[in-house]
């Protein structure tokens with residue numbers, strides 16, 4: 001029964017790689033957006049996709065590019081939300097639940113700038129918070145984009161490469 005279900009699922013994914021690419025983009029984008037990130041399990045989805053890549057059911061490059069691009073677009077949306085709300089971001093859920101959250105994010109950005117945004121990509125709870133606060137604090141856009149793009153590329157690689165190539169190696173280079 002389980003083997004049959006797995007075989008059916010692999011056939012669907014192999015026949016509809018566009019859906020896998022769109023899903024990689026969507027979950028990666030959602031992870032960076034305030035409120036949406038709580039309902040977007042990008043790491044789980046991308047790790048599962050890495051196994052499908054390693055098993056030969058998906059191509060690495062389109063999933064990698066979609067995940068990276070989705071992360072950057074999500075960061076741009078987060079920045080725009082922060083820029084639009086400015087200091088009023090403090091009154092928006094979930095930041096409003098913890099009054100010191102905005103100030104701590106602001107402090108991280110002041111102290112570490114580029115690196116706070118870069119590192120936030122790899123720390124789930126900060127993934128949406130720091131980009132949004134960066135917009136509210138008017139972080140220079142060129143610095144923001146540089147941190148977003150570089151961290152998105154590394155993040156997608158860190159999540160996808162081990163499963164993609166590790167499983168392929170384990171299966172004998174299929």
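Worth pointing out:
- Dividing the summed -39500 (n - 2.57) terms of all DSSP H runs of n ≥ 4 by the residue count of the chain sets its mean residue ellipticity at 222 nm at -24500 deg cm²/dmol.
- Ranked by how many other Cβ atoms sit within 10 Å of their own Cβ, fewest first, the residues 148, 96, 116 fall in the order 96, 116, 148.
- Stokes-Einstein D for the range 29-174, Kirkwood Rh over Cα pairs, 20 °C, 1.002 mPa s (µm²/s): 137 µm²/s
- Estimated inter-spin distance, residue 12 and residue 96, nm [label 7 Å along Cα→Cβ]: 3.9 nm
- Reported value for the range 28-69: 51 Å³ per residue, from the convex hull of its C-alpha atoms.
- Working from Cα pairs under 8 Å separated by at least six residues, relative contact order for the chain is 31 percent.
- Legend: ranking of residues 128, 155 from fewest to most surrounding C-beta atoms inside 10 Å; resulting order 155, 128.
- Here the residues 58, 23, 154, ranked from fewest to most Cβ neighbours within 10 Å of their Cβ, fall in the order 154, 23, 58.
- Once the Cα atoms are used to define both axes, helix 2-15 deviates from the longest principal axis of the chain by about 70 degrees.
- Förster-model FRET efficiency, 35 Å R0, residue 154 and residue 88, C-beta, rounded to 0.05: 0.60
Read-outs throughout are calculated quantities, based only on the coordinates presented, and are distinct from any laboratory measurement. Computed from a predicted structure; not experimentally measured. Heads up, the Cβs are rebuilt from the backbone with ideal geometry, glycines too, and the neighbour counts pull from every protein chain shown.
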